[in-house]
Structure formats: structure tokens, C-alpha cells
Amino acid sequence: MDERLLRVIREWQELELPQVKERDTEVPAGSDLVLDIVGPRRSGKTSLMFLMAKSSGPRGATLYINFENRKLLPLKEDLLNDVMEHIHGERLLEKHDCVYLFLDEVQQLPGWERYVRSIYDENRGKIRIRVSGSSSSLLSKEYAGLLTGRHLTVRVLPLSFSEFLRFRQIPVPAPEGVLGEAEEARIRTALNDYLENGGFPEVALGREGGPFLAQLLTDVISRDIISRGGVRNAALMEELAAFLIENVGALLSFGKMARYLQSRGVKATVPTLLNYFERMKEAFLFFDGTIDSPAVRDRMQFPRKIYCIDNGLLTASGVTSPGKLCENVVAVELLRRGLPVRYWKSRDGREVDFVVKDRSGTVPVQVCADAQDPVTRDRELRSLAMCAKELGLKEGVLITLGTAGEEKYRGMKIRHVPLWKFLLGTPVRKGRSRSLRLAR
């Protein structure tokens, strides 16, 4: 038995678990399957594990191991064999109906999938395994098939706006309700904070955002992307990340990106940029929106719109445009709701930020921080109307920082939805009864 592991287990058994705020993330806590809890670094995966541990019976029936714990370094590949030795040595399977095994940042342990599958198959129903990692591809390509049919994935993102309000101890209003002047002012102030500082839990709980978020961005690139291997040019990875942040929400071609970087003396090829971007997607740093088309070829060939997983990472990197921040937060919310992120573009270059498709139908959605200027307003409404007409629709939605309303424009019905209402669950199409928020 590894003495280092034994110390870590004893510390866990003696640890008084911190008070952790509940999230809206739906977790099938009673499932016998292996649960993969994935999401960005510092988004709340460990806290979710602590909540699950609290509700999983007596402390003696739970084991929590963080594979980034310095006390376990360097990691032994067969460390999980020592874990099983402890479970059998302490007769935990005889003392408890079920033992819960929480493995945090498990991707740090090479070949962990083989051990987890063996433990699962040998102790099905007696040991419930929960693993976490800061990568959407938590299962390596080599061993992904080992856990086929044996696992479920739970995604944890930075706080939604409703979660952000609860963390700030602000009552969450019903999105379709009527607020008093003071209450609405409080919500709008919180929204400005959310737009600027994002939804990482530590920031929502009062930690100074700037230094923390700047360091977090560095950690994600260095620890969750570069250190995992396959990145030969760390400087190019950092240059690409900075470029994508600066151009968030813009239409980007990887060919043009390569030529731009080459013009600055940075050696970059399209395959390398695509590879590096996919690695940043896997680490939950960025995600992309594609053109609205049923053809896979179109979605692959047309320029993409790149978005960042959290607004705080944008502002910590110098992005201050209200329009970019509003569009990015809407894109993240669509991702959170499990909806495809698609944009529309006409032949003459007019754009609509999102074409939202769900069970209730399709609606074009334009995002504009301030549509009071007549020129800006006409530009946004004209694009919406053109998109709706091309798609055979009768309405569009304009999301702004302003007030709710409805108007006719060139024969189309345009609904004005305040951003805070959308983020709290106002459906983009009227008549939809099912909440768009994640279940609590």
C-alpha cells in the first residue's frame, strides 16, 4: 500500500467538507454507471463532487482522490490498485451497502480507463465511480472503447446568470414576471457585473476577477493543453489564443488566420491551427459556431464564429466591447442549453448572429447591446427580416440591454427581448412552455 495514498485518504476522512452552493447541473446521482464530470478548470467540478459525497452516505463509504495533489506526485500508474487494496483491507464493501469512489482530475493518471473498467466490472453496484477532468475528451482515444456503455457524461460550465444571482444572494425573478423599478435596477447591475467578470464561481463569490482570470487563462493553456502533449509550438498556441480572444464573435477562416500570423513572422499552417484550436475546444476554452446549413460540407468550409467559454476571460484579456460581450454570453447560454450555435449570412454580406433551433421551431436571433441609434437599429432589423424571409419564418428576435417590446418591420414581427430575461429563461419563441434552463 502506497504510504502517500494512505495519508491522502486519512486526510479526506478527517476533512470537514466546506459549505458548497448548489448548482443547476442535473446529476444522476443514483446511477451505477461511471459518471464523467467534465468542464473548464475552476468551474466547480470539485465542489460538485463534494456535494455528491455529502449525499452519498457516511464519510467512511466515500473515498476522494485528487490526482493533482502534490502529495501523490509522481503518480504511480497502478495507484488505483492500491485504492482497491485499501477498500478490501478496511472491509468497506462489507461495512457499507455501496462505496463511492471520487477521482478528481483523473486524466493525470496514465491509463486510468483500464483500471476504472476493471473496478466497475468486478464490483458493479457495490462501487460507484465518479471521475472528473478539465477536458471534453476525458477518455483517451486508445481506451475510449473500454468504457462504452459503462459511463455517463455530466458537463459543468461556469455559472449561468441565475446561478450567478443566487451566488450573490440576489433573488432570481421569473423571466416573464414584472419587476419593480428597484428590483430591475438590481438585476441590471448584476448583469453588467456578469457580462464583465463572467461566471467562474470564485469570482462570483467575491474574488478579484482580473488577476485570477488572467492566471486561469495561462493555467488552462499550459496545464490543460500544452502539458498534455502534441503541441510542438507553445508560442504559437499562445498567439492563437490571443488572436481568437481579440476576434471573438467575428467570422474567421483558418486560412486567413494562417496568412495573418505568417505576415507577423509567426510560422503557422492551417492543419496546425486547426489542431491547436481543437485542443483548446477540448479544454473548454473556446467553442465555435458554424453557418446555418443542413450540409455538413458547408458547415466545414464556411468561416466559423469563435466564442470563449466565459466573459471574464475576455475582459481579463482586454476585450471591452459591449456588443462582443453580449453576443458571447448569448452563445455560451445556447451551448449550456444544448442548442446548436449557428449563424446566418446572406450573399450580399448581411449577418444574423444566431439561428436558434429547438423543439418548438426555428427563429433568427440578433444580439445588439444598444439598438437606440437609428442606423444601427435599421441595420440589425433589416438583417433579421431578410433572414426570416429566406428561412420562411414570420418573426425574429432582437436581444439587447434595453427593454421588452414588439414591432412590425417589413412585414416581419420583431420581438425585443432584454438580455437578462433571455439569460433567465425567456423562450426565444412565444408559446413555448418548457423551460430552457437546466434542471436543478
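Just so it is clear, none of the values below were taken in a lab; they were calculated from the coordinates. None of these values were measured; they are calculated from a predicted model. Here the Cβ is made from the backbone with ideal geometry for all residues, glycine too, and neighbour counts use every protein chain on show.
Output the strands (runs of 3 or more DSSP E) that fall wholly within segment 347-428 and possess 3 or more residues being loosely packed, with under 13 Cβ neighbours inside 10 Å, or say none. Don't jump to the end; show me each part of the working.
Values: elements: 354-358, 361-367, 395-400, 405-409, 412-418.
Once the strands (runs of 3 or more DSSP E) in segment 347-428 are filtered for at least 3 residues that are loosely packed, with under 13 Cβ neighbours inside 10 Å, what remains is 405-409.
Do you know which residues across segment 1-30 are surrounded by 13 or more Cβ atoms within 10 Å (Cβ to Cβ) and polar (S, T, N, Q)?
Thr25
Which number in (1) at negative phi; (2) within 25 Å of the chain's Cα centre (by Cα) marks the one condition that Gly338 misses?
Unmet condition: (1).
Do you know which of the residues in segment 5-40 that are farther than 26 Å from Gly89 by Cα and among the aliphatic types (A, V, I, L, M) is nearest to the chain's Cα centre (by Cα)?
Going residue by residue through segment 5-40, those that are farther than 26 Å from Gly89 by Cα are 18-29, 36-40.
If we keep only those that are among the aliphatic types (A, V, I, L, M) too, we end up with 20, 27, 29, 37-38.
Numbers: Val20: 20, Val27: 16, Ala29: 21, Ile37: 12, Val38: 9 Å.
Per the criteria, the residue is Val38.
When the residues of segment 175-203 are narrowed to those that are of a type in the set (A, V, I, L, M) and in contact (Cβ under 8 Å) with a residue 12 or more places away in the chain, which ends up surrounded by the fewest Cβ atoms within 10 Å (Cβ to Cβ)? Can you show your working first?
Step one: of segment 175-203, the residues of a type in the set (A, V, I, L, M) are 178-179, 182, 185, 187, 190-191, 195, 203.
Now drop any that are not in contact (Cβ under 8 Å) with a residue 12 or more places away in the chain, which leaves 187, 190-191, 195, 203.
Numbers: Ile187: 20, Ala190: 17, Leu191: 21, Leu195: 23, Val203: 26.
Ranking the candidates gives Ala190 first.
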